[in-house]
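Data block below; observations after.
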Amino acid sequence: MHKRMMLLGILTVAVLMLVWQGALAATNFANGEATAVATPITRVHDPVVITGSQLSAFQGAPLADLVLYAYVAATWQAVPFQIDEVDADDNFVALEDGVLDGNDQLAFMPMDAGGWVSATTWVSDVTAVAYPRYAITVTNPLSPTEMGWVYLYRSPTLPRAATQYIAWDEAAQMVTAVSYTLRFDPQNFLGVADMTLNGTAVDVLDRQKLRATATIYVGPFPIGTQQINEESILDFLTEPVTITLPIVGPVRAVGGNVTQQFTLYGARADFAISIPVGRQDVPGVPNTSFTIDALRSSLDLLEPTATGMAPTTYYDSNTPAGVPVDGSPDAVPSTPLANWQQFDGALGGFVMLTDIGLDSGTVTNFYLDNGNFNADDTGDGRSFGDTGFAITDPDGILDIWQTIYFLRGSQGNQGTMVTAWAANPLTAVTGAQWFEGVEGPGTAVYLPLITIQVELGTEKITD
Ligand SMILES: [Ca+2]
Ligand SMILES: [Ca+2]
Ligand SMILES: [Ca+2]
Ligand SMILES: [Ca+2]
């Protein structure tokens, strides 16, 4: 009985909201605006990604003819966006066929979304009005009153946005994004060499460090162990480790190959690496094989007092109060596995989320803060909050997914919030519309869909 009453209450509020939404739209119509404004979306790190299958009216359209706009302060504004082609093997490619199909991806940033406009308010462009457009409703599931709208038009003549959130210099092996730069040094070692934060010029990172212990076998017999680091691993790799990013901006840079994938945004970087760690033949050496017994990947800062990052604090899901990154050792637990790790310094910081897939093996947290010089170490020979993960006795295929969210400085512990961002991507609903009130499929249900989505997200209804 109580349940039914609650359900009735939900339906009543939903219907009331439909009426209210209709009244709002009508009022704006009377003022000649035909627009509505929601609470703007406050998230700036995560993109909105829509697949071509959500844009069925544009299937087969030349990608060069599609252009994204938002209605902001009563003006149509071009929105930075890109449509990346994905081939039948799910790989991002610089050029597939140049036309939209189901698995191609439209990407843009939520803070570029604008207000809602009625289906009769269009850009002033002769070509655009001859085709349908897509109204795309973006919602922040962490705060569902935060909504925004963008409109995807088909027109080769509508101007494109000039803003770039990311740029890649292949010769310098350096990505320059809104909130960070990363430089790689493939001639000398594997991994990230330099990192700057929030428009400052100073490198805050000593380098990414790799450590591995391998056992070498001749036939079935172990003949010794070999220590490998981010420098010596170059001797074992037959492929060059120079990074190519065939897809670059304005919203993201995407690249990689079967074993490693990069997706870099203005304030977020995603890495995915897949490598075999079971027993393997040593290339070019008959009857010889090796196993990986231990593996570590970590990011080691430069001394914070020297880079201007001091005070820098390290946090992780086991260490919520934080410890100072000052070269003096700290008590940071190696277990249980931390689902996030964070640096917070004066110039900025980042939260690193790591997910590891392995057939067998033991994964632990790695953290080392020790400013004493160690002649056996690489880089500057000292460790300032050297942070990452370590694996012992791995077997099978090792899959590593890492996402780094770059933050402003002196924010304190942001781990829970960033973890929630990663777990709750922005959602997008698409609806095709036709000019001059010509209603195609989707238009008729567009408004009610939005309204119901708004309502189901509010506290009042679920209470
Ligand atoms: Ca395509
Ligand atoms: Ca460096
Ligand atoms: Ca310390
Ligand atoms: Ca160091």
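Quick look at the values:
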{"quantity": "Single match in 199, 191, 219 (criterion: out of contact with any Gly (no Cβ under 6 Å at 6 or more places or on another chain) and within 16 Å of ligand 2 (Cβ to nearest atom))", "calculated": "191"}
{"quantity": "Subset of segment 151-176 [closer than 17 Å to residue 68 by Cβ, in contact with a Phe, Trp or Tyr (Cβ under 9 Å, 6 or more places away or on another chain) and part of a loop (DSSP other than H, G, I, E, B)]", "calculated": "155, 158, 160, 161, 165"}
{"quantity": "Some residue of segment 327-349 being within 16 Å of ligand 3 (Cβ to nearest atom), acidic (Asp, Glu) and at negative phi", "calculated": "yes"}
{"quantity": "Positions within segment 133-172 being of a type in the set (S, T, N, Q) and surrounded by 19 or more Cβ atoms within 10 Å (Cβ to Cβ), in sequence order", "calculated": "137, 139, 140, 155"}
{"quantity": "Members of segment 286-313 found to be within 12 Å of ligand 4 (Cβ to nearest atom) and without any contact (Cβ under 8 Å) to a residue 12 or more places away in the chain, listed by number", "calculated": "306"}
{"quantity": "Among (1) away from ligand 4 (no atom under 16 Å from the Cβ); (2) assigned by TED's automatic domain parsing to the domain that holds residue 263, the one test that residue 161 misses", "calculated": "(2)"}
{"quantity": "Condition met for residue 231 (away from ligand 3 (no atom under 16 Å from the Cβ) and more than 30 Å from residue 90 (Cβ to Cβ))", "calculated": "yes"}
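So that you can scan it fast, the table gives a plain yes or no per residue for (1) assigned to a strand (DSSP E or B); (2) outside the structural domain of residue 94 (by TED's automatic domain parsing); (3) touching a residue at least 40 places away in the same chain (Cβ under 8 Å); (4) of a type in the set (A, V, I, L, M, F, W, C):
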site: 106; (1), (2), (3), (4): yes, no, yes, yes
site: 115; (1), (2), (3), (4): yes, no, yes, no
site: 120; (1), (2), (3), (4): no, no, yes, no
site: 134; (1), (2), (3), (4): yes, no, yes, no
site: 137; (1), (2), (3), (4): yes, no, yes, no
site: 144; (1), (2), (3), (4): no, no, yes, no
site: 149; (1), (2), (3), (4): yes, no, yes, yes
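Let's see how each residue does on (1) hydroxyl-bearing (Ser, Thr, Tyr); (2) under 25 Å from the mean Cα position of the chain (by Cα):
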site: 280; (1), (2): no, no
site: 287; (1), (2): no, no
site: 308; (1), (2): no, no
site: 334; (1), (2): yes, no
site: 348; (1), (2): no, yes
site: 371; (1), (2): no, no
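The values are calculated or read from the model by the stated rules, or taken from the named source; none is laboratory data. Note that the coordinates shown come from a computational prediction; the quantities given were computed from them, not determined experimentally. Quick reminder, even Gly has a Cβ in these numbers, built from the backbone with ideal geometry, and neighbours come from all protein chains shown.
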